[in-house]
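Report on one structure; see the data block that follows.
The values are calculated or read from the model by the stated rules, or taken from the named source; none is laboratory data. On a predicted model such as this, the values are computed, not experimentally measured, just so you know. Cβ coordinates were reconstructed from backbone atoms using ideal geometry, including for glycine residues, and neighbour counts include every protein chain displayed.
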Amino acid sequence: MKPAARNGAPARNVRGERLQPCCTDPVTGYYRDGFCHTGPEDRGSHVVCAVMTEEFLTFTKEQGNDLSTPQPRFNFRGLKPGDSWCLCALRWKEAYDAGMAPPVNLEATHEKALTHLPLAALEKHAIDG
């Protein structure tokens, strides 16, 4: 179930605007609704809408978070370069600190990302200016 934002208002992105969809093919988001919505049960804070690169997929696999290998039992086809995905904020920060951060769609990145990441870091990797 998708959580309501403040007072039932739509969720906001890091720019303070209405949160836009991240990806529906593959369907992403903690709630698998195509958005980087979050709620109290989302302990990983899957709020950064990132565009996968080969470099990032290799990096995250080396860190123990394999996003590229299909997992049929979870109906997960595996990600490939160019796919968008709602990443955990701290996973994106780990990649950023290592110089491996993937590009970010700011319009689809939930405002809660700002509790973990500086806006300037996200803007540095923005695909949407």
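Below is a table of values for the structure above.
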item	result
Hey, Arg91 surrounded by 13 or more Cβ atoms within 10 Å (Cβ to Cβ), basic (Lys, Arg), closer than 25 Å to Leu19 by Cβ and out of contact with any Pro (no Cβ under 6 Å at 6 or more places or on another chain) or not	yes
Single residue of segment 49-86 satisfying the filter (of a type in the set (A, V, I, L, M) and within 10 Å of Pro102 (Cα to Cα)) that is farthest from the chain's Cα centre (by Cα)	Leu57
Only one of Arg73, Arg43 that is more than 17 Å from Leu114 (Cα to Cα), modelled with pLDDT under 95 and of a type in the set (Lys, Arg)	Arg73
Filter result (touching a Phe, Trp or Tyr at 6+ places or on another chain (Cβ under 9 Å) and over 17 Å from Lys61 (Cβ atoms)) within segment 80-102	Cys86
Test: Arg77 is over 24 Å from Glu123 (Cβ atoms), surrounded by fewer than 22 Cβ atoms within 10 Å (Cβ to Cβ), among the basic types (Lys, Arg) and without any contact (Cβ under 8 Å) to a residue 24 or more places away in the chain	no
